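The values are calculated or read from the model by the stated rules, or taken from the named source; none is laboratory data. Note that this is a predicted model, so its numbers are computed, not measured. Using ideal geometry, Cβ is built from the backbone for each residue, glycine included, and neighbour counts are taken over all protein chains shown. Note: areas computed on protein heavy atoms with side chains; ligands, DNA, RNA excluded. Shrake-Rupley method; radii C 1.70, N 1.55, O 1.52, S 1.80 Å.
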Amino acid sequence: MAASAPPPLEPLTEDWERALCVVAHPDDMEFGAAAAVARWTGQGKQVSYCMVTSGEAGIDGQHPDEVGPLREAEQLAACRAVGVETCDFLRLPDGILEYGVPLRRAIAGVVRRHRPDIVITGNFQDTWGGRNLNQADHIAVGRAVLDAVRDAGNRWIFNEQLTDDLEPWVGVREVWAFGSPSAGHAVDTTGSFDAGVASLEAHRAYIDGLGWENFDSREFLEGMARQTGQRLGVGFAAPFEVFPMGWGE
Ligand SMILES: [Zn+2]
């Protein structure tokens, strides 16, 4: 059987002003989308991060009480490397997140506060496209993000949040899942690639804690970025699956 080239990707729209990235763990953005974020902040767009957990269960040899603050600090450094000024930590329990109403409620509250045009999360399919399984928290968060974006627009869902200045928010046009094996879109990260590498490097204590002694952030990120770039017709790119959030599309 002849190998066929992977299909070309469409460029993502960039006619928006505010994006909110909601992911399960510190480092999730850096393993897939930080260079894209650096491109957008470089265009003057406002990009905020929200970590659902603080990744405190991520290092086998170290207690979560120590690891949580360490990983939050590394995440803030990773944010600075790509021009992200705001990072919320919801501090839900790492490793055992459950898809459900409490998770939707927490994320809907963040969407209502930030009022983004675009919401970004990570791949939440069962796999990364081959046989490598995705992680349970990623799947729970991604599914909850899709629902929470709609919840955020409905005054009668999580109505207790709508006090003071907080209003329903119906302005999210699309949800984008980076690293999805069903990605049909991508963004050119050739010019912002180095910032993406610096952002991943900010998680050094975590990477060392995993015992990946010879892990090279640049080499790792280049592999996927180059492959995706070929499909977009550029040097480097990051892939995204696009979910339109309007009704009846
Ligand atoms: Zn993760």
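Compute the relative contact order of the chain as a whole-number percentage, counting only Cα pairs closer than 8 Å that sit 6 or more residues apart in sequence.
Result for the chain is 26 percent.
Applying 1/(1 + (r/R0)^6) with R0 = 41 Å to the Cβ-Cβ distance of residue 173 and residue 212, what FRET efficiency is obtained, to the nearest 0.05? The partial results should precede the final answer.
Values: r = 37 Å, r/R0 = 0.91.
Efficiency, from the Cβ-Cβ distance: 0.65.
Please tell me the relative contact order of the range 132-249 in percent, rounded to the nearest whole number, where contacts are Cα pairs under 8 Å and at least six residues apart.
So the answer I get is 34 percent.
How big is the convex hull of the Cα atoms of the chain, per residue, in Å³? Mind dumping the intermediate values first?
Values: hull volume 34.7 nm³, N = 249.
Dividing the Cα hull volume of the chain by its residue count gives 139 Å³.
Rolling a 1.4 angstrom probe over the protein heavy atoms, how many square angstrom per residue are accessible across the chain?
48 Å²
So how much slack lies between residue 15 and residue 62, counting 0.36 nm per residue of separation and subtracting their Cα-Cα distance, in nm?
Additional length available on full extension: 12.5 nm.
Just to confirm my numbers, what's the Cα centroid distance between the range 68-83 and the range 205-249 in Å?
19 Å
Once R0 is set to 35 Å, what does the formula 1/(1 + (r/R0)^6) return for the Cβ-Cβ distance between residue 155 and residue 230, expressed as a FRET efficiency to the nearest 0.05?
E between residue 155 and residue 230, to the nearest 0.05, is 0.15.
Who wins for biggest fluctuation among 74, 167, 14 in a Gaussian network model of the chain, springs between alpha carbons below 10 Å?
14
Let me make sure I get this right: for the range 1-59, a, b and c are the square roots of the gyration tensor eigenvalues over alpha carbons, sorted descending. Under 1.5 in a/c it's rounded, otherwise prolate if a/b > b/c, else oblate. Which is it?
oblate
On the accessible surface of the range 1-149, probed at 1.4 Å, how many percent belong to carbon and sulfur atoms?
Using a 1.4 Å probe with all protein chains present, the range 1-149 comes out at 51 percent carbon and sulfur.
Among 25, 138, 114, which one shows the biggest mean-square fluctuation in a GNM of the chain, springs joining Cα atoms closer than 10 Å?
114
If you build a Gaussian network model of the chain, linking Cα atoms that sit under 10 Å apart, which residue out of 43, 230, 135 swings the most?
43
Considering the Cα trace of the range 197-243, what is its radius of gyration and what is Dmax, both in angstroms?
13.1, 37
Based on a Kirkwood Rh over C-alpha pairs, give the Stokes-Einstein translational diffusion coefficient of the range 97-194 at 20 °C and viscosity 1.002 mPa s in µm²/s.
Numbers: Rh = 14.6 Å.
It diffuses with D of about 147 µm²/s by this estimate.
Hey, could you grab the Kirkwood Rh for the range 19-113? Inverse mean 1/r over distinct alpha carbon pairs, Å, one decimal.
13.8 Å
With +1 assigned to the C-beta of every Lys and Arg and -1 to the C-beta of every Asp and Glu, and no other charges, what is the dipole magnitude of the chain about the Cα centre in debye, to the nearest 20? Before the final figure, lay out the partial values.
Numbers: 20 positive and 37 negative charges, 128 e Å.
Taking the Cα centre of the chain as origin, the dipole is about 620 debye.
If we restrict to alpha carbons, what Rg and Dmax does the range 113-249 come to, in Å?
17.7, 51
What is the spin-label model distance, in nm, from residue 205 to residue 220 if the labels are put 7 Å beyond Cα along the C-beta direction?
1.7 nm
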